[in-house]
Amino acid sequence: MPKGGHPIVAHGFEIFDQPPGRSIQEAVAEVPNDGLINCRGWFYNDQLLVTDPKTIAEVLVHKCYDFEKPAKARNFLARVLGEGLVLVEGDEHRFQRKHIMPAFSFRHIKDLYPLFWSKALEFNEVVAAAMHEDAEKAGGEQAPGSSGIIEMKHYANKVTMDIIGVAGLGRNINSLHNPDDELMKNFEEITEPTFEQVIYFAAYITFPTWLVENLPLRIARRQKITAANVRNIGRDFVKEKKGLIKSQSDNHKDILSVLIKSNDFSDDQLVDQALTFLAAGHETTSSALTWTSYLLATHPSIQSGLRAELRAAIPSLTSPPADLAATLESLPLLNAVCNEVLRLYPTVPVTMRNTVRTTLLGGVTVPAGTRIAIAPWAINRSPHLWGPDACVFRPDRWIDKATGQANNHGGAASNYSNMTFLHGPRSCIGQSFAKAELRALVAAFVSAFEIEMEDPSYVPMPAGVVTVKPRDGLRLRLTGLDGW
Ligand code: HEM
């Protein structure tokens, strides 16, 4: 049991820490344990934290279906996502996962690289325009090579939304060029990591739903409106797509089309899946891209090393190598940087499960209804698993000294030491998609701009309810390179 805690709720509130997972990280590093720590949670209920590869593997792989996401947290998200793959449990989950898996095949992801690349170049163009505009405002010129300030998180959200729009729904949402895009505006409001959102989420999972949803609060009203807006947009997408599949030749390869053509899902279920992919597939990678630019801005020598590697492999962004997928997947520093960012800033810092039946965990009998905390943030930064420099940004841990090639373990002894995408049947189905997308976006961005912090003393605070992003945004000074 970790020291301290509130007299009534003990360590229950700590899952709402900002940065999320901070005190769990301290517990994992400091409390002696055999794979389980008891952090008593809400009103003295037991709440177990899994801390080592053995107990993590039990929860995520060997006994995965003995654990479910807590009903209240599921209901909170279901207002927007419905009963999509992220939120269903048991047999329904097995069924959906099996039928959605083909849309994430190895081949399918390779085929998506040209899309990732063309959107990455569009992103560069939009960011360059914002940078030039800022340069002019500051008295400079709107010319290639100028320097200006941009807020990264906003643009990262847009490009990842546009990518999942095409790859997930076969639809050009085009939020990069459309500042008034309704879907984007609603999603940004829902996921904005404000203090108000965190408190509302805490209230939602603590008190009766009818009470919290009807509180005379602005946020309760706005949440209802934005959730309804997003669902209406999702319904229109599905209707249109079904019409297109009927009326046009069978060349639709996006995830939604694969699901429609399988005939395994009702219209309502298709809306749930469409919104699930939009939400799970854009905010997460957007956060990863934002944290990458922060870490590169604050580690200039790694940034210039990466740029040199990219220049040698892709001398012209507009004529990339024919096998772009193979090129990007083979670059040691690019892959090392992406892996290290995903390790240090896992987009989903903490997730929870409840035991649905009495089960054995780490040799201990755990009764049904026990809360289990799984904390990628804490595991990925554990000195017991990653060494004393666990919290340091060190991409070279992902490069084999002997061969100079990328490795996929980062020097950790077990793959359960890296929890960014979890493991097992409930792991992130979009893992390869997200990594491929991140590689392409980072490669194009770093090739085109020198990245610095607007204020070198500013340290962004990781914050959010489900995913972590810099709470107050990330303002970068960019300088265009090579004609940008
Ligand atoms: C850096 C990017 C991403 C990260 C770090 C990430 C992380 C995660 C994590 C930790 C989970 C498990 C959540 C839990 O069980 O509590 C998850 C599930 C999921 N993710 Fe991702 N994700 C990323 C990108 C994506 C993308 C691009 C897609 C879709 C294209 C996606 C789709 C999903 C879906 C559908 C699930 C639910 C899987 C299931 O329960 O069977 N994710 N993700």
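The values are calculated or read from the model by the stated rules, or taken from the named source; none is laboratory data. For clarity, every value in this text was computed on a predicted model and none was experimentally measured. Every residue, glycine as well, gets a Cβ built from its backbone with ideal geometry; the counts of neighbours run over all protein chains shown. Side chains included, ligands, DNA and RNA excluded: accessible areas come from the protein's heavy atoms. Shrake-Rupley method; radii C 1.70, N 1.55, O 1.52, S 1.80 Å.
None of Gly140, Gly90 is within 15 Å of the ligand (Cβ to nearest atom) and either over 30 Å from Val28 (Cα atoms) or modelled with pLDDT of 90 or more (or both) except Gly90.
Are any residues in the range 149-177 among the hydroxyl-bearing types (Ser, Thr, Tyr) and either open to solvent by 10 Å² or more (accessible area, probe 1.4 Å) or without any contact (Cβ under 8 Å) to a residue 24 or more places away in the chain (or both), and if so, which ones? Give the steps one after another, and end with the answer.
Step one: filter the range 149-177 for residues among the hydroxyl-bearing types (Ser, Thr, Tyr), giving 155, 160, 175.
Tyr155, Ser175 - these are the residues of the range 149-177 that are among the hydroxyl-bearing types (Ser, Thr, Tyr) and either open to solvent by 10 Å² or more (accessible area, probe 1.4 Å) or without any contact (Cβ under 8 Å) to a residue 24 or more places away in the chain (or both).
Restricting Val392, Val459, Val466 to residues that are open to solvent by 10 Å² or more (accessible area, probe 1.4 Å), within 16 Å of the ligand (Cβ to nearest atom) and either touching a Phe, Trp or Tyr at 6+ places or on another chain (Cβ under 6 Å) or among the β-branched types (Val, Ile, Thr) (or both) narrows the list to Val466.
Restricting the range 255-279 to residues that are surrounded by fewer than 23 Cβ atoms within 10 Å (Cβ to Cβ) and of a type in the set (Asp, Glu) leaves a set whose member that is nearest to the chain's Cα centre (by Cα) is Asp268.
Residues are listed down the side, and each one gets a yes or a no for (1) of a type in the set (A, V, I, L, M); (2) closer than 30 Å to Gln269 by Cβ; (3) open to solvent by less than 10 Å² (accessible area, probe 1.4 Å):
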{"residue": "Ala103", "(1), (2), (3)": "yes, yes, yes"}
{"residue": "Leu112", "(1), (2), (3)": "yes, yes, no"}
{"residue": "Phe116", "(1), (2), (3)": "no, yes, yes"}
{"residue": "Ala130", "(1), (2), (3)": "yes, no, no"}
{"residue": "Glu133", "(1), (2), (3)": "no, no, no"}
{"residue": "Gly140", "(1), (2), (3)": "no, no, no"}
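Considering Leu344, Leu289, the condition of being open to solvent by less than 20 Å² (accessible area, probe 1.4 Å), in contact with a Phe, Trp or Tyr (Cβ under 7 Å, 6 or more places away or on another chain) and aliphatic (A, V, I, L, M) is satisfied by Leu344 alone. Within the range 265-280, is there a residue that is outside any helix (DSSP H, G or I) and more than 30 Å from Pro470 (Cα to Cα)? Scanning the range 265-280 turns up at least one residue that is outside any helix (DSSP H, G or I) and more than 30 Å from Pro470 (Cα to Cα).
Out of curiosity, is Asp134 assigned to a helix (DSSP H, G or I), under 23 Å from Ala325 (Cβ atoms) and of a type outside the set (Lys, Arg)? Taking the combined requirement at face value, the residue does not satisfy it. Are any of the residues in the range 76-86 without any contact (Cβ under 8 Å) to a residue 40 or more places away in the chain, surrounded by fewer than 17 Cβ atoms within 10 Å (Cβ to Cβ) and more than 11 Å from the ligand (Cβ to nearest atom)? Looking through the range 76-86, none of the residues is without any contact (Cβ under 8 Å) to a residue 40 or more places away in the chain, surrounded by fewer than 17 Cβ atoms within 10 Å (Cβ to Cβ) and more than 11 Å from the ligand (Cβ to nearest atom). Being open to solvent by 40 Å² or more (accessible area, probe 1.4 Å), in contact with a Lys or Arg (Cβ under 9 Å, 6 or more places away or on another chain) and without any contact (Cβ under 8 Å) to a residue 40 or more places away in the chain is not true of Ala312.
In the range 237-295, which residues are small (Gly, Ala, Ser) and at pLDDT 95 or above? Within the range 237-295, Ser286, Ser287, Ala288, Ser293 meet the criteria. Scan the range 296-309 for residues that are touching a residue at least 60 places away in the same chain (Cβ under 8 Å) and among the charged types (D, E, K, R) and the total you get is 1.
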